[in-house]
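Engineer: Here it is: the structure, laid out below.
Every read-out reported here was derived from the displayed coordinates using simple, explicitly stated rules and does not represent laboratory data. The model shown is predicted, which means the values in this text are computed figures rather than measured ones. Please note: Cβ atoms are built from the backbone with ideal geometry, for glycine as well, and neighbour counts cover all protein chains shown.
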Amino acid sequence: MLIAATPDNEAARLAALYDLLLLDTPAEERFDRIVAFAATEFDVPIVTITLIDTDRQWFKARTGTELCETGRDISLCSHAILEQDILVVNDTLLDARFADNPLVTGMPHIRFYAGAPLTMPSRLSLGTLCLIDRKPRTLDAMELGILRTLRDLVVLELRNISEVADA
């Protein structure tokens with residue numbers, strides 16, 4: 001298993017995340033609707049809106065899992081925030097970064113992962129909107145476009161929270 005590198009802008013990224021005052025807050029319908037729609041649209045069992053904290057990934061919204069968080073060291077989303085665009089892993093068992101990851105070899109048995117970085121206008125990626133399946137799969141160009149649009153909706157909500165916090 002390969003642990004994701006720490007982003008070069010980690011201090012600023014964490015400061016922006018903490019400024020949102022969103023970590024460990026209750027579920028919110030505006031985020032829950034997005035993950036529910038994504039689960040249906042992509043026919044995947046698990047969708048999360050994940051925020052990457054110092055040593056954990058915390059799920060602001062989730063469907064298909066009871067987990068609220070996992071360690072950052074085993075987080076696939078920690079790899080996705082390093083990307084400019086969506087990180088798609090068609091089959092985790094065929095990817096050396098993830099083949100022996102406990103989230104792949106054990107519950108929830110991740111075989112497919114697509115993580116769209118939640119990148120703010122400041123160019124700081126705070127987390128992901130991610131799709132997870134228990135079987136390998138691919139996304140076509142239209143599906144990638146839909147995932148980008150849903151990601152943009154999450155980022156818009158995060159921007160709204162940021163603007164209120166700054167006011």
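Engineer: Once the other residues with Cβ under 11 Å from the Cβ of Ile146 are scored (Lys, Arg +1; Asp, Glu -1), what is the net sum?
Structural biologist: Here the count lands on -2.
Engineer: So what's the net charge close to Val164: Lys and Arg +1, Asp and Glu -1, counting the other residues with Cβ under 12 Å from its Cβ?
Structural biologist: That sum, taken over residues with Cβ under 12 Å, equals -3.
Engineer: In what sequence do His109, His79 fall when counting other Cβ within 10 Å, fewest first?
Structural biologist: His109, His79
Engineer: Determine the calculated [θ] at 222 nm for the chain from helices alone, applying -39500 (n - 2.57) to every DSSP H run no shorter than 4 residues and normalising by the residue count; nearest 500 deg cm²/dmol.
Structural biologist: -10500 deg cm²/dmol
Engineer: Compare the peptides 47-54, 10-17, 127-134 by average per-residue count of other Cβ atoms within 10 angstrom and give them in order, highest first.
Structural biologist: Ranking the peptides 47-54, 10-17, 127-134 by packing returns 127-134, 47-54, 10-17.
Engineer: Okay, next question. Taking the structure as given and computing Rg and Dmax of the Cα atoms in Å, which label from [x] 17.6, 50; [y] 14.7, 47; [z] 16.8, 48 fits?
Structural biologist: Evaluating Rg and Dmax of the Cα atoms in Å on these atoms matches [y].
Engineer: Residues with beta-carbon under 14 Å from that of Ala61, excluding Ala61: net charge, scoring Lys, Arg +1 and Asp, Glu -1?
Structural biologist: In short, -2.
Engineer: What FRET efficiency would be calculated for the residue pair Lys135, Ala27, taking the C-beta separation as r and a Förster radius of 22 Å, to the nearest 0.05?
Structural biologist: Rounded to the nearest 0.05, the efficiency is 0.20.
Engineer: Hey, rough spin-label estimate for Arg123 and Asn160, points 7 angstrom out along Cα→Cβ, what's it come to in nanometres?
Structural biologist: 2.8
Engineer: Okay, next question. Going by the alpha-carbon gyration tensor, a ≥ b ≥ c the square roots of its eigenvalues, is the range 67-153 rounded (a/c under 1.5) or, if a/c is not under 1.5, prolate (a/b greater than b/c) versus oblate?
Structural biologist: Note, shape of the range 67-153 comes out oblate.
Engineer: Under the classification rounded if a/c is under 1.5, otherwise prolate if a/b is larger than b/c and oblate if not, where does the range 8-78 fall, given a ≥ b ≥ c as square roots of the Cα gyration tensor eigenvalues?
Structural biologist: Since a/c reaches 1.5 and a/b is larger than b/c, the shape of the range 8-78 is classed as prolate.
Engineer: Then there is this: I need the GluC sites (Glu not before Pro) found in the range 36-72, filtered to DSSP loop residues with at most 15 other beta carbons within 10 Å of theirs.
Structural biologist: In loop regions of the range 36-72 (DSSP not H, G, I, E or B), the sparsely surrounded GluC sites (Glu not before Pro) are Glu66.
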